[in-house]
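One structure below.
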Amino acid sequence: PRHTGTRVFVAMMRLGAKERPLGVLVSGYREPRRFGDEDRRVLTNLAHHLAVALDKVRVQAELRSNLQRLQETQAQLMQADKLKALGTLLSGVAHELNNPLSTIRLSIQLVRRTAAMDDALTRRMEVMETASVRASRIIRDLLAFARRQPPERRKVDLNQVVHSTLGLQTSQLELNKIRVVTALTPIPEIWADPHQLQQIVLNLVINA
């Protein structure tokens, strides 16, 4: 105590539940006092109840933390199931679109080779062929992205991964009137899984 001349007589009792120390209960008196059996019984009983209460608080906090982690894990599993179903849907749609696109491209090439066309029609056919090629490339990238396969590291051109990923988002970017400007410096190939890299870049683009 800070008051000069004041003395405090203290008794300390360990707090513990199930042999686990949780703290110390301190009892003090200003007058000299010898702690008897009744004092020790009261302090022991009080220390026991305090320890049980503190242990319950600790257990409840752990339960809340475990419940939160369980809910987060459940949400992640649900999201993984959604992504798995989306991958299956993308794969089916891409295959269905790939066949008619191949027919369109072959028809355009056949017409360009056999039919007499003026300059305006020739340019129009070139635009159609370019659009078909672009659509086929997007479908190919979708199939690669949706394909369920174990991670596989190989040499990857990171710039090509960025270009193919942006190709998947072209329509969405145009719909939202977003113009993407790339300034990619040529870099050496790296060892990585291209599909995982594509997913990372796609997440960055979507979040941005």
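The values are calculated or read from the model by the stated rules, or taken from the named source; none is laboratory data. Worth saying up front: this structure is predicted, and the values here are computed from it rather than measured. A quick note on method: Cβ atoms are made from the backbone with ideal geometry, for glycine too, and the neighbour counts reach across all protein chains shown. Ligands, DNA and RNA are excluded from the accessible area calculation, which covers all protein heavy atoms including side chains. Shrake-Rupley method; radii C 1.70, N 1.55, O 1.52, S 1.80 Å.
General remarks:
- Qualifying residue in segment 112-128 (condition: among the hydroxyl-bearing types (S, T, Y), without any contact (Cβ under 8 Å) to a residue 12 or more places away in the chain and either open to solvent by less than 60 Å² (accessible area, probe 1.4 Å) or under 22 Å from K84 (Cα atoms) (or both)): yes
- Residue in segment 98-122 that is farthest from the chain's Cα centre (by Cα), counting only those that are within 19 Å of L143 (Cα to Cα) and at pLDDT below 80: N99
- Filter pass, T170 being among the polar types (S, T, N, Q), surrounded by 10 or more Cβ atoms within 10 Å (Cβ to Cβ) and modelled with pLDDT under 80: yes
- Residue match in segment 55-68 (condition: assigned to a helix (DSSP H, G or I), open to solvent by 80 Å² or more (accessible area, probe 1.4 Å) and within 30 Å of V201 (Cα to Cα)): yes
- Search result, residues across segment 69-88 that are open to solvent by 100 Å² or more (accessible area, probe 1.4 Å) and either modelled with pLDDT of 75 or more or hydrophobic (A, V, I, L, M, F, W, C) (or both): R69, L70, Q71, Q74, Q76, L77, M78
- Answer from A47, A51 - the residue that is out of contact with any Lys or Arg (no Cβ under 8 Å at 6 or more places or on another chain) and either surrounded by 10 or more Cβ atoms within 10 Å (Cβ to Cβ) or at pLDDT 80 or above (or both): A51
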